[in-house]
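What follows draws every value from the coordinates through simple rules; no lab data is involved. None of these values were measured; they are calculated from a predicted model. Cβ: placed from backbone, ideal geometry, glycine included. Neighbour counts: every protein chain shown.
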Amino acid sequence: MSEQRAEDIDDTALMAEVARGDTVAFERLIERHQALVIGTVGRMLGNNSEVEDVAQQVFIRVWKGAPRYRPTAKFTTWLLTITRNLVFNEARRRKRHPGDALDVHEGEEALALTDPARHVPDQELLEAELQEAIEKAIRALPEKQRMAVVLRRYEGKSYEEIGEVLGLTVAAVKSLLFRARTELRAALNRYLEK
């Protein structure tokens with residue numbers, strides 16, 4: 001039995017325990033999947049104080065939804081679908097109430113991480129600038145494109161898994177990713193020409 005299949009069975013068994021109110025099983029699920037959830041939320045919303053709040057809401061929904069959970073798909077697909085819904089809701093809330101977001105002003109996060117006593121070589125600065133540009137370009141993508149890119153690039157999910165999370169066919173996922181890559185290429189053109 002493959003490691004992936006064993007993990008799915010273990011997640012399903014843990015969810016059965018969670019459905020019976022087992023908090024230890026719930027803690028194990030959180031420990032096992034918190035990096036996936038926090039990483040996905042962070043890449044979708046940017047690094048700010050709301051990431052942990054949204055991730056916490058994901059796991060609250062897992063706890064509340066445990067009695068109704070049916071393993072028709074991989075547990076991580078179900079978990080990422082909950083994550084997607086909450087991230088999209090938060091993104092829409094931000095658009096309606098832009099002043100409520102606690103985002104760091106552009107450029108401040110890079111300044112806060114720089115140690116003035118340490119000389120940073122030009123190559124490191126260029127790489128940091130490129131990484132910031134990539135993250136900014138990804139955050140500028142439409143929601144579904146952004147989620148597909150995050151799941152594919154950072155979480156290593158298959159087209160099939162991304163399709164299940166977003167409610168799309170594999171062909172639609174490939175098309176979505178193609179459009180996202182085209183937009184990213186255009187946004188990062190000045191870095192790609194060097």
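As a rough footprinting exposure proxy, the listed residues 182, 83 were ranked by other beta carbons within 10 Å of their own, and the order from fewest upward is 182, 83. Judged by the ratio a/c of the largest to the smallest principal axis of the C-alpha gyration tensor, the stretch 119-194 counts as prolate, that ratio being 1.5 or greater while a/b is larger than b/c.
Cβ crowding within 10 Å, taken as a proxy for footprinting-reagent exposure, orders 92, 28, 152, 68 from fewest neighbours to most as 68, 92, 28, 152. The ranking of 79, 177 by Cβ neighbour count inside 10 Å, starting from the fewest, reads 177, 79. Each residue, residue 31 and residue 12, gets one label point 7 Å from its Cα in the Cβ direction; the gap between the two is 2.3 nm.
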